[in-house]
Amino acid sequence: MKKVWWKRKWSYFLGLLGIFLQLFLLINECAATRRINEKNIPLDLQTYPPVKFIRLNKHVLVDNGLFSITFSVPDGMVVNIKYNGIDNLLENKNKENNRGYWDIVWNKAEKQGNIFDKLEGTKFEVIFQDENQVELSFTRILKTLNSSSLSMNIDKRFIILRGSSGFYSYAIFERLEGWPDIDVYQGRMAFKLNEKLFSYMAISDERQRIMPTAQDRAMGRQLDYKEAVLLTGPSTSFLKGEVDDKYQYSVENKDNKVHGWISPSPKTGFWMITPSSEFQAGGPVKQDLTSHTGPITLSMFFSTHYAGEIIGLRFRNGEPWKKVFGPIFIYLNSVPNEEDILTLWTDAKEQMLIETEKWPYEFPLSQDFVGADQRGIVCGRLLVNDSYMSKTLITPNSTFIGLAAPGDVGSWQIENKGYQFWTQTNNEGYFFINNIIPGNYSLYAWVPGFIGDYKYKDYISIIPGSRIRLQTLVYYPPRNGPTLWEIGIPDRTAEEFFIPNPQPKLQNQLCIAHYEEKFRQYGLWDRYTEIYPNNDLIYIVGSSNYQTDWFFAHVNKYIYKDNGDKTYIPTTWQIVFDLQEVKDFSNYTLQLALASSNEAELQIRINDQNPEHAPHFTTGSIGKDNAIARHGIHGLYRMYSIDIPSDLLTIGSNTMFLKQSRGSSSWSGLMYDYIRLEGPLKNE
Ligand SMILES: *[C@@H]1O[C@H](CO)[C@@H](O)[C@H](O)[C@H]1NC(C)=O
Ligand SMILES: *[C@@H]1O[C@H](CO)[C@@H](O)[C@H](O)[C@H]1NC(C)=O
């Protein structure tokens with residue numbers, strides 16, 4: 001049959017062949033078209049309108065069909081964002097330079113006070129413009145050195161992409177060799193949103209709600225800490241009697257990836273997305289502001305918050321410096337009126353994942369932004385050797401490990417001029433740090449559950465394309481002998497200790513809803529005096545429990561002077577412990593880890609409470625991290641290993657006196673992370 005078929009239908013077969021051939025060519029052509037499109041515009045992007053760039057009189061406008069953004073020229077202030085039928089997402093009442101802007105706080109070296117600079121550009125340039133992408137630059141190049149103006153070259157960039165509901169901003173700050181000594185304390189981007197629209201703030205799944213207005217704050221009563229206000233007559237009645245304080249909305253760098261505001265009508269979101277922490281100062285647990293009443297949304301690149309001036313950028317001896325901050329993504333979203341406004345938050349979190357996946361971005365055009373192919377990788381494994389806990393190497397989980405500028409052990413927490421790259425190890429102790437910008441680094445780590453800081457012995461030099469695999473690293477945490485007793489968990493925070501309820505009249509419901517962050521309530525420092533009205537805290541090893549009997553902060557106590565004024569006096573805490581035996585002529589060790597200190601001094605006396613006697617140990621004056629006043633549960637970490645000669649100890653009951661000796665302020669004090677008494681080495 002077939003043969004017949006072939007013979008008979010020969011011409012038909014030729015015809016079919018022709019059709020196949022044509023189809024083949026057509027498919028090929030399609031593929032070719034697609035290849036061209038992939039190079040230029042992905043097909044799905046073509047469904048979006050092209051990006052338009054328009055010059056106006058004193059402004060420029062970029063419109064990608066989803067939203068439009070207007071900048072003042074040449075200053076480079078964001079003056080208008082039009083989206084979802086709203087004329088301006090930013091507050092029109094504000095001056096043009098007070099809506100969306102970059103700014104810096106600085107001063108001449110060793111001078112008190114702050115100089116604010118809104119980094120007004122003097123020159124505007126279109127870096128790139130086609131139907132898919134616009135990149136704008138507003139620069140201010142220093143022409144003459146004079147000590148009263150900020151000696152820094154500024155290049156503020158904005159990128160608008162086709163089909164992207166939002167815009168990117170980054171900035172390059174540069175100082176040339178030989179420029180004057182200055183201190184720079186803060187660098188950020190700020191947006192002041194339309195007050196009538198944006199009423200709901202979201203920082204995390206737990207921390208979000210209807211917020212007071214700027215007007216509510218203005219009419220409220222300022223509390224002792226000047227940024228905190230008691231809302232006496234807010235427009236939203238359920239906020240009445242609550243405290244509002246921007247520091248209650250702080251977040252650690254590692255968790256500060258998306259936050260912002262929602263307008264309930266029309267249902268619109270404005271989000272600050274930070275796709276990478278590499279350009280943030282102070283490492284993964286540095287805390288900073290996010291969004292707060294205003295409505296205001298910030299991107300904090302560096303600041304003294306929760307660290308003190310020690311984290312300021314000190315420029316001395318004319319050292320040159322350049323750093324790229326960002327890009328960050330300002331994301332706009334909206335839903336139809338019948339949908340729940342919280343879908344805006346869920347969608348913003350999804351967008352944050354999309355942005356972090358895309359990091360490092362391909363589209364920024366500044367030569368100073370280092371692309372993915374120019375970056376490097378470091379990987380390895382970190383184990384712990386603590387022979388008093390385990391005879392074999394311990395495999396800790398979730399070790400924080402990262403690269404930062406070369407420095408001393410632990411220096412990353414105040415490092416600010418370079419980039420930092422952090423990750424956490426997996427449950428087998430392995431780590432993989434990618435996207436590292438070329439440079440010279442130290443490798444630092446700390447291990448939750450263990451005291452102290454790790455630093456790798458060698459410098460690590462990254463060049464484009466580096467793939468460095470380190471041998472197994474071993475961290476030896478401080479340890480001089482067996483544990484006799486311990487208080488707390490070595491995790492660099494005071495979270496595990498007793499955190500009181502706030503005064504009923506000084507609450508913020510936002511911190512109640514999220515019970516684990518009760519420490520963010522206002523005024524907890526004064527709760528100490530109320531809980532310990534007569535005697536100071538006494539902790540009895542063996543019967544006390546640090547979760548209920550160790551107040552989270554070693555604060556001062558308030559008393560009233562004869563004239564009725566409130567004043568604060570130092571407090572002395574006691575740790576009472578029994579020793580069955582004391583080994584003569586040996587040293588015991590007190591491992592003391594502090595989670596925060598602010599204008600404090602910790603004096604330690606052993607079995608001698610006479611404050612006239614010199615203490616056995618003192619930290620001296622330490623700290624300005626202000627974590628007590630700003631409701632952080634930690635500031636900067638400090639660790640002391642203190643020898644305690646056996647002749648200070650006795651068989652039976654012993655008492656260790658911990659005196660925070662700097663009185664007078666409610667916010668002077670310490671937070672402990674962890675305390676351990678170690679016996680002398682066995683068989684010494
Ligand atoms: C890295 O920095 C350290 C400390 O500044 C320096 O001693 C070392 O030579 C540097 N290494 C490289 C490769 O630049
Ligand atoms: C105890 O430590 C001190 C230093 O803090 C040292 O001078 C002393 O020799 C040590 N004593 C013993 C017995 O090791």
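The values are calculated or read from the model by the stated rules, or taken from the named source; none is laboratory data. None of the values given here were measured: they were computed from a predicted structure. Cβ: placed from backbone, ideal geometry, glycine included. Neighbour counts: every protein chain shown. The protein model used for the area step is the full one, side chains on, heavy atoms only, and it has no ligands, DNA or RNA in it. Shrake-Rupley method; radii C 1.70, N 1.55, O 1.52, S 1.80 Å.
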### Task
Give me the pairs, please: first residue somewhere in the stretch 585-603 and over 15 Å from His634 (Cα atoms), second residue anywhere and of a type in the set (D, E, K, R) and within 11 Å of ligand 2 (Cβ to nearest atom), beta-carbon distance under 9 Å, and either six or more positions apart or on two chains.
Phe585/Asp647; Ser586/Glu684; Asn587/Asp643; Tyr588/Asp643; Thr589/Asp643; Leu590/Asp643
### Query
Condition test on Lys322, is it within 29 Å of Asn84 (Cα to Cα), touching a residue at least 40 places away in the same chain (Cβ under 8 Å) and surrounded by fewer than 23 Cβ atoms within 10 Å (Cβ to Cβ)?
no
### Query
Scanning the stretch 490-548 for residues that are farther than 28 Å from Gly663 by Cβ and among the charged types (D, E, K, R), which turns out modelled with the lowest pLDDT?
Glu516
### Message
Show me the strands (runs of 3 or more DSSP E) found entirely inside the stretch 95-214 where at least 1 residues are over 26 Å from Arg55 (Cα atoms) and charged (D, E, K, R).
### Response
100-108, 115-117, 166-175, 182-192, 208-210
### Summary
Filtering the stretch 107-136 down to residues that are on the phi > 0 side of the Ramachandran plot and surrounded by 14 or more Cβ atoms within 10 Å (Cβ to Cβ) yields Leu119
### Query
Which of (1) open to solvent by 50 Å² or more (accessible area, probe 1.4 Å); (2) within 16 Å of ligand 1 (Cβ to nearest atom); (3) of a type in the set (Ser, Thr, Tyr) is the odd one out, the single condition Tyr456 does not satisfy?
(1)
### Task
Starting from residues that are away from ligand 2 (no atom under 16 Å from the Cβ) and open to solvent by less than 30 Å² (accessible area, probe 1.4 Å), keep the ones in the stretch 640-660 and report whichever is nearest to the chain's Cα centre (by Cα).
Gln660
#### Entry: Out of Gln222, Gln248, sole residue that is touching a Cys at 6+ places or on another chain (Cβ under 9 Å) and not charged (D, E, K, R)
Gln248
### Query
Can you name the number of the only condition in (1) open to solvent by 20 Å² or more (accessible area, probe 1.4 Å); (2) in a loop (DSSP other than H, G, I, E, B) that Lys349 fails?
(2)
### Task
Can you run down the residue pairs with Cβ atoms below 9 Å, 6 or more apart or on separate chains, where the first is in the stretch 636-658 and more than 16 Å from ligand 1 (Cβ to nearest atom) and the partner is assigned to a loop (DSSP other than H, G, I, E, B) and among the hydroxyl-bearing types (Ser, Thr, Tyr)?
Leu636/Tyr306; Arg638/Thr619; Tyr640/Thr619; Pro645/Ser586; Ser646/Ser586
### Message
Tally up the residues in the stretch 595-607 that are surrounded by fewer than 20 Cβ atoms within 10 Å (Cβ to Cβ) and out of contact with any Phe, Trp or Tyr (no Cβ under 9 Å at 6 or more places or on another chain), please.
### Response
1
#### Entry: Hey, Ala404 touching a helix residue (DSSP H, G or I) at 6+ places or on another chain (Cβ under 9 Å), more than 16 Å from ligand 2 (Cβ to nearest atom), open to solvent by less than 30 Å² (accessible area, probe 1.4 Å) and in contact (Cβ under 8 Å) with a residue 24 or more places away in the chain or not
yes
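Let's see how each residue does on (1) touching a helix residue (DSSP H, G or I) at 6+ places or on another chain (Cβ under 9 Å); (2) within 16 Å of ligand 2 (Cβ to nearest atom); (3) open to solvent by less than 10 Å² (accessible area, probe 1.4 Å):
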{"residue": "Ala593", "(1), (2), (3)": "no, no, yes"}
{"residue": "Pro611", "(1), (2), (3)": "no, no, no"}
{"residue": "Lys624", "(1), (2), (3)": "yes, no, no"}
{"residue": "Arg630", "(1), (2), (3)": "yes, no, no"}
{"residue": "Leu670", "(1), (2), (3)": "no, no, yes"}
### Task
Quick one: which residue in Ile531, Ile538 is aliphatic (A, V, I, L, M), closer than 19 Å to Lys566 by Cα, open to solvent by 50 Å² or more (accessible area, probe 1.4 Å) and in contact (Cβ under 8 Å) with a residue 12 or more places away in the chain?
Ile531
